[in-house]
Amino acid sequence: MATTRSNKSTNGRLFLMARAGVRALSAIAPPLGDRLAMDLFYRPRRKRLEPEVPDIACHRWRVQTRAGWLTAWDYGSGPTVLLVHGWSGAAAQWSRFVEPLVRAGYNAVALDMPAHGFSDGDRTNLKEFVEAIVDTAQRVRPIRAVVAHSLGATAAILALGRGLRAQRAVLVAPPARDVPGFVHSFAQRLGLTQGQEGRLVARMRRRFGDLEQFDARRVAATLDTPALVFHDVDDAEIPFAEGESLARAWPGARMRPLAGLSHNRPLKDPEVVREALAFIAAPERSRLVSLPSVTVELPRPV
């Protein structure tokens, strides 16, 4: 726990320093301030953590993708369940999922995304996240399910829209923002002006073209893959309403509200793991019903 608090304190100090740097540069040389802000937007915090899965044989390997060389941890045999972490996350976050998946007869593959963990690079973006998923999936087919957290869930949705073949999708705390929405959240944290925010979005349009291609809700509305969405009602990083709106947009998706787990703890929660595994293993003929209304029965806080 002391190490965790120390890391958080260090990250907090670095962020305050970066924010001060952007403000100072923006005052004397606006183009340089914009460039620094864009660099920060694409640069995740790296956690070099290996999954902790005792008594289960692991094969660590490297996979070449359009996003660069990535590191993957491979457990078990059978149809693959691809485990995708979010921004500034790591494959190690899926440790609690691995043993139950292997015992159930699946090949669990946990991937360090570009510029994360032990993978190459120091900057990345949502497009590269999608490429990493699609290209890795080609190496570990057939894909029974993709299980993804936070921005990794956004990337998984986009990957499904671009040809990823998976029989199930499990999403934990998925954002439902378009790219300008992500930039707006970042700009608020960094204290950018509206003008700076607008220039960042313009830079992205020049680089990537039509940004609507990255709108997860639009893509979700076109999918028929059965999906289960977990989201804590008090998630301070990604509001519950975002996961709920994705579930509503996705034909046949099921929404599973959580309480008392915030943004990251669902990945360690035994009940979340159990329900996700049951959903992944459900027969093909088992179809889900779309959410009929805004009203959902919330769990009791734990």
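Results, tabulated for the structure shown:
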| read-out | value |
| --- | --- |
| For the stretch 34-50, 3J(HN,Hα) per residue [Karplus equation, 6.51 cos²θ - 1.76 cosθ + 1.60, θ = phi - 60°, Hz, x = Gly/Pro] | 5, 5, 5, 4, 5, 4, 5, 4, 8, 10, x, 7, 8, 10, 8, 10, 8 |
| For the stretch 71-88, Karplus couplings with θ = phi - 60° (6.51, -1.76, 1.60), whole Hz, Gly/Pro x | 9, 10, 10, 10, 10, x, 9, x, x, 7, 10, 8, 10, 10, 7, x, 5, 6 |
| Summed side-chain charge close to GLY68 - residues other than GLY68 whose Cβ falls under 12 Å, Lys, Arg +1, Asp, Glu -1 | -3 |
| Amide H partners (placed H, <5 Å) of SER88, local residues excluded | ARG45 |
| ASP210 - accessible surface, heavy atoms, 1.4 Å probe, Å² rounded to 10 | 100 Å² |
| Charge tally in the Cβ shell below 10 Å around ARG203, where Lys, Arg are +1 and Asp, Glu are -1, ARG203 excluded | +4 |
| Taking the stretch 142-229 and dividing mean pair separation by its residue count, relative contact order in percent (alpha carbons under 8 Å, at least six apart) | 39 percent |
| Projected label distance in nm at ARG35 and ARG103, using a 7 Å step from Cα toward the beta-carbon | 5.5 nm |
| Gain upon complete extension [ARG139, THR222; 0.36 nm per residue less C-alpha separation] | 27.4 nm |
| Pairwise label distance in nanometres, SER185 with ILE56, each label 7 Å out on the Cα-Cβ vector | 2.8 nm |
| Gain upon complete extension [ASP122, ARG206; 0.36 nm per residue less C-alpha separation] | 28.1 nm |
| The stretch 23-179 - accessible surface per residue (Å², probe 1.4 Å) | 39 Å² |
| List TRP87, TRP250, ordered by accessible area with a 1.4 Å probe, largest first | TRP87, TRP250 |
| Local net charge near GLY89, Cβ-Cβ under 11 Å (Lys/Arg +1, Asp/Glu -1) | +2 |
| Relative contact order computed over the stretch 97-168 (Cα-Cα under 8 Å; 6+ residues apart), in percent | 24 percent |
| The stretch 135-290, dipole about Cα centre (Lys/Arg Cβ +1, Asp/Glu Cβ -1), debye to the nearest 20 | 580 debye |
| Among ALA90, GLY163, VAL140 the positive-end extreme of the charge dipole of the stretch 63-177 (Cβ point charges) | GLY163 |
| Calculated from backbone phi, Karplus (6.51, -1.76, 1.60) coupling profile of the stretch 207-223 in Hz, x at Gly/Pro | 7, 10, x, 5, 6, 5, 5, 9, 7, 5, 5, 5, 5, 4, 5, 9, 8 |
| Rounded to 5, percent antiparallel among DSSP beta bridges of the stretch 47-154 | 55 percent |
| Per-pair calculated FRET efficiency, R0 = 25 Å: ARG165 and GLU275 via Cβ, rounded to 0.05 | 0.60 |
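The values are calculated or read from the model by the stated rules, or taken from the named source; none is laboratory data. Just so it is clear, the model here is predicted, and its values are computed rather than measured. When we count neighbours, we look across all protein chains shown, and the Cβ atoms used for this are built from the backbone with ideal geometry, even at glycine. Surface accessibility is based on the protein's heavy atoms, side chains included, excluding ligands, DNA and RNA. Shrake-Rupley method; radii C 1.70, N 1.55, O 1.52, S 1.80 Å.
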